[in-house]
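**Q** Got a structure here, written out as structure tokens. Questions coming.
The values are calculated or read from the model by the stated rules, or taken from the named source; none is laboratory data. Everything numeric in this text was worked out from a predicted model, so none of it was measured. Glycine also receives a Cβ, built like all others from the backbone with ideal geometry; neighbour counts cover every protein chain displayed. All accessible areas refer to the heavy atoms of the entire protein, side chains included, with ligands and DNA or RNA removed. Shrake-Rupley method; radii C 1.70, N 1.55, O 1.52, S 1.80 Å.
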Amino acid sequence: MTSSEEIVVQLALNQGLITPAQVAAAQERLAQSNDLNAPRPKLVDFLINENVLTARQVAELLAAEYGMPLVDLANLHVNTDILDVVPRTLAARYGLMPYAREGSAMRVAISDPLETDGIDSIAYLLRSEVIPALAPVEDIRHAIDRFYGKDDAALDQLFGNITLKSAADGSVPNENANVLDGEIDESDAPIIKLVHQVIFEAIQRRASDIHLEPLEKRFRVRYRIDGVLLEVDNPPKRLQLSIVSRLKIMANISIAEKRIPQDGRIQVTVAGRQLDLRVSTLPTAHGESVVMRILDKEGLKLGLPELGFFADDQQIFERIITLPDGIMLVTGPTGSGKTTTLYGCLHYINKPDRKIITVEEPVEYQLSGINQVPVRSEVGMTFARALRAMLRQAPNIVMVGEIRDLETAEIAINASLTGHMVFSTLHTNDAPGAVTRLIDIGVKPFLVSTALRAVMAQRLVRKVCRHCARTIVPEPKQLRALNINPAQAVGATFKQGPGCPECNSTGYRGRMGIFEIFVVNEELQRMIYDGASTSALRDKARSLGMRTMREDGTRKVTSGLTTIEEVVSITIGDAN
């Protein structure tokens, strides 16, 4: 071990953060490492990777021992003049981050107070004093990437795999064509690099969408991360046309047409993961707005627990989706994860002895072993027409992207009554409301009662960041907001994240579903046949054991997975 490691381990032992048994076990596992070609990890790094210690705890121990300040890089803004003085190569080589000037002195964040080579190098470069502060090593790495940007070699390697999709006639867009009116050609390397940097940063920060919005005096860029829009550094307004044109070339859509909305797709491979960027342009008063939705195919291979199911709900859900016939509906507003849930179902039941056909608008993800039919209304290929043709293909399982009208609903119901299992989505606020919605569309109540097997309503809530999660004691008014009684609170675990670089200082990282599963049994079938109201169906389902979304969210709050504020805000209209 290095001397700094010895100090960290001894300090952690003294403060009871780790036990001698944990240290001995870690040393034994390191000694048993069989990979002679790879450098053996340091003991402290190993303890951090095994979640025995956190990087912040290590920084706090060293800061207290050496009397050094602890700096939070996630909430700092670093001026570009500082970045110009200290090159990225130097910062990356020594694992340090310059973050402020104090007179002629430079303040620098480091992770190891005993590693002085980097400080000496910067002091020699600047011919001035360097004032060190401590920060976790991961915070410093994130800050270097955030403020300096990813290095060119990494960007070239990342975007060397971009595929420009060919047009319908098989042609590929002319990448060397000159573009007028301030736009670009493919030889304009700075614009290409800027566009790639925007996309790369979005992927790195786990964004689901990239929004490039032309305003009157600026060109705004925002990422949607865990369902919340976050504004990032905006490129100059003068580059707006050039950036939009570059994206349109990459998505194989017309750079000359600016009067109508257009759609395209960019395909890219990142670290072995295949990503699709679905590009949509929309003419606005100040130019074309571009939204790119980032579709990660690996996300479709999630198991049901990763979607947010507890064991009891998962057991119910697995039983429903493996039924031989009937209709299973997933409901919720746009962006509530309905498509991801349906694809998770298909992935779970996709076996060689089953034929699965889907009809979607558009086909967002391409799944192996499944026949996927895109809706193309311009040539008459509607949901209803595609569904009729699909049934002649003798499928076992059918997925309809959305039930929008009576014709589609009737065909789907008839398919379920003739031995097919049908999955689809519907826009309703809760699960029992799907029954009323189908009847309002024009489906006869007796058909709904016969065909419908279950409806699952869902919303997405943000998960507490596991890197900075802390156990808290909620206030009584917070408990009352979710009807959590004192007895429930005693055995519960409430957590909240103060924010860290891993979660962009939000305290949340990732999302999970909260669910309301409405299973149609004989009693509910009779009520639907008799035309019972949504509230009557809801009351009966709850008496039979159905949990509302708020009640499911409460379970996840008391398990430390999300927060009270998050569940209350997402289920604001949910009656208890």
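**Q** Roughly how tilted is helix 549-558, in degrees to the nearest 10 and between 0 and 90, from the longest Cα axis of the chain?
**A** The helix 549-558 is inclined about 30 degrees to the chain.
**Q** A follow-up question, please. Where the only charges are on Cβ atoms (+1 Lys, Arg; -1 Asp, Glu), what is the dipole of the chain about its Cα centre, to the nearest 20 debye?
**A** That gives the chain a dipole magnitude of about 1340 debye.
**Q** Then there's this: How large a share of the accessible area of the stretch 500-555, in percent, is made up of carbon and sulfur atoms when the probe is 1.4 Å and the other protein chains stay in place?
**A** Whole-percent figure for carbon plus sulfur exposure: 44.
**Q** What does the highest-first list of 107-117, 240-250 look like by mean Cβ count within 10 Å?
**A** Descending mean neighbour count gives 240-250, 107-117.
**Q** Using alpha-carbon pairs under 8 Å, 6+ residues apart, how would you state the relative contact order of the stretch 343-423 in percent?
**A** Computed over the stretch 343-423, the figure is 29 percent.
**Q** Which length gain, in nm to one decimal place, applies between S559 and V228 when the Cα-Cα distance is subtracted from 0.36 nm times their residue separation?
**A** Going from the current span to full extension adds 116.8 nm.
**Q** If I take every Cα pair under 8 Å that is 6 or more residues apart in the stretch 84-150, average their sequence separation and divide by the length, what percent do I get for the relative contact order?
**A** Value for the stretch 84-150: 35 percent.
**Q** Classify the stretch 362-414 as rounded, prolate or oblate from the Cα gyration tensor: take a ≥ b ≥ c as the square roots of its eigenvalues, call it rounded if a/c is under 1.5, otherwise prolate when a/b beats b/c and oblate if not. Before the final figure, lay out the partial values.
**A** Details: a/c = 1.64, a/b = 1.17, b/c = 1.40.
Oblate, since a/c reaches 1.5 and b/c is not below a/b.
**Q** Now, a different point. Specify which residue in the list V400, S368, V448 is farthest towards the positive end of the charge dipole of the stretch 364-464, using unit charges on the beta carbon of Lys, Arg (+1) and Asp, Glu (-1), about the Cα centre.
**A** After comparing all options, I get S368.
**Q** Name the residue farthest towards the positive end of the dipole of the stretch 478-576 from the options T563, T548, G531, assuming +1 on Cβ of Lys and Arg, -1 on Cβ of Asp and Glu, about the Cα centre.
**A** Positive-end residue among those listed: T563.
**Q** I want to make sure I understand the PRE zone here: with the label point 7 angstrom from the Cα of A123 toward its beta carbon, which residues in the stretch 64-105 have backbone N atoms less than 18 Å away?
**A** What the label zone holds, given the 18 Å backbone N cut-off, is 66-69, 86, 91, 94-105.
**Q** Positive end of the dipole of the chain, charges at C-beta (+1 Lys, Arg; -1 Asp, Glu), about the Cα centre: which of I203, S128, I192 has its Cα farthest in that direction?
**A** Farthest along the dipole direction, towards plus: I203.
**Q** Based on the alpha-carbon gyration tensor of the chain and its eigenvalue square roots a ≥ b ≥ c, which shape applies: rounded if a/c is under 1.5, prolate if not and a/b is larger than b/c, or oblate?
**A** Judged from the Cα gyration tensor, the chain comes out oblate (a/c at least 1.5, b/c at or above a/b).
**Q** Let me ask something else. What FRET efficiency would be calculated for the residue pair K355, R376, taking the C-beta separation as r and a Förster radius of 25 Å, to the nearest 0.05? List each step's numbers first, then the result.
**A** Values: r = 22 Å, r/R0 = 0.89.
Calculated transfer efficiency: 0.65.
**Q** Taking every pair of distinct Cα atoms and averaging 1/r, then inverting, what Kirkwood hydrodynamic radius in Å comes out for the stretch 490-538?
**A** With all distinct Cα pairs of the stretch 490-538 included, I get 15.1 Å.
**Q** How much length is gained on full extension from K237 to V473, taking 0.36 nm per residue of separation minus their Cα-Cα distance?
**A** 80.2 nm
**Q** While we're here: Rounded, prolate or oblate: which one fits the stretch 191-277, using the alpha carbon gyration tensor with axes a ≥ b ≥ c (rounded when a/c is under 1.5, else prolate when a/b beats b/c, else oblate)?
**A** The shape class here is oblate.
**Q** Next question. Just to be sure I understand: of the beta bridges DSSP finds with both ends in the chain, what percent are antiparallel, rounded to 5? It would help to have the intermediate numbers written out before the result.
**A** Values: 54 of 83 bridges.
Counting DSSP beta bridges with both partners in the chain, the antiparallel share is about 65 percent.
**Q** How high is the relative contact order of the chain, in percent, counting Cα pairs under 8 Å that sit 6 or more residues apart? The partial results should precede the final answer.
**A** Working: 937 pairs, mean separation 50.6, N = 576.
Over the chain, the number comes to 9 percent.
**Q** Let me ask something else about it. In Å², what does the accessible area per residue of the stretch 420-493 work out to with a 1.4 Å probe?
**A** Roughly 46 Å² per residue, with all protein chains present.
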